[in-house]
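Novice: Handing you a structure now.
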Amino acid sequence: EMPEWELSEEEYQSLYHRILQMGVAEKVKLAFLGNKEARDILIRDPNKMVAVAVVKSPKIQENEIEAISKSRQVSEDVLRNISSAKEWMKSYQIKFNLTSNPKTPVPIAMKLLSHMRETELKKLSKDKNISQVLAVQARRLLDTKGKR
């Protein structure tokens, strides 16, 4: 699922190569102040400080956080940061994305399970990509909700 670029492919490649040449401090600054395309590249940076700076950027928007919370290419630290930000946890979609993302730490996903609707619990209980512990807990919650 490719995002819609505001830059042409050529400009994007140029931005990507400029980012490759940057040091960590420059990348962190760009993560905070850069545009959507720069954040999209930097969220996948192997340095966790850079990736976390993207999520903490004042310019980042909810739709970007939704995409990041769904992505399996981001680090655990980024997902942990999203889950600790109250403004992002108001969104049901972000909660569901974090719960169904195999990279989300199990304790965080377990806390979010109680916020899921029955239809999502059914999906999670059958999901082979998430932790088995999480799938079993989703089934348990589904059973208790069904008995009410």
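The values are calculated or read from the model by the stated rules, or taken from the named source; none is laboratory data. Since the model is a prediction, treat every value here as computed from it, not as a measurement. Ideal geometry is used to build each Cβ from the backbone, glycine not excepted, and the neighbour counts take in all protein chains shown. Side chains included, ligands, DNA and RNA excluded: accessible areas come from the protein's heavy atoms. Shrake-Rupley method; radii C 1.70, N 1.55, O 1.52, S 1.80 Å.
Novice: Just checking, which of Ser125, Ser100, Ser57 is open to solvent by less than 20 Å² (accessible area, probe 1.4 Å), polar (S, T, N, Q) and over 30 Å from Ala25 (Cβ atoms)?
Specialist: Ser125
Novice: Also, I was wondering about something else. Look through segment 77-91, keep the residues that are among the charged types (D, E, K, R) and either open to solvent by 90 Å² or more (accessible area, probe 1.4 Å) or free of Cβ contacts under 8 Å to residues at least 24 places away in the same chain (or both), and return whichever of them is nearest to Pro105 (Cα to Cα).
Specialist: Arg80
Novice: Output yes when any residue across segment 45-65 is within 13 Å of the chain's Cα centre (by Cα), modelled with pLDDT of 90 or more and among the hydroxyl-bearing types (Ser, Thr, Tyr), and no when none is.
Specialist: Taking every residue of segment 45-65 in turn, none turns out to be within 13 Å of the chain's Cα centre (by Cα), modelled with pLDDT of 90 or more and among the hydroxyl-bearing types (Ser, Thr, Tyr).
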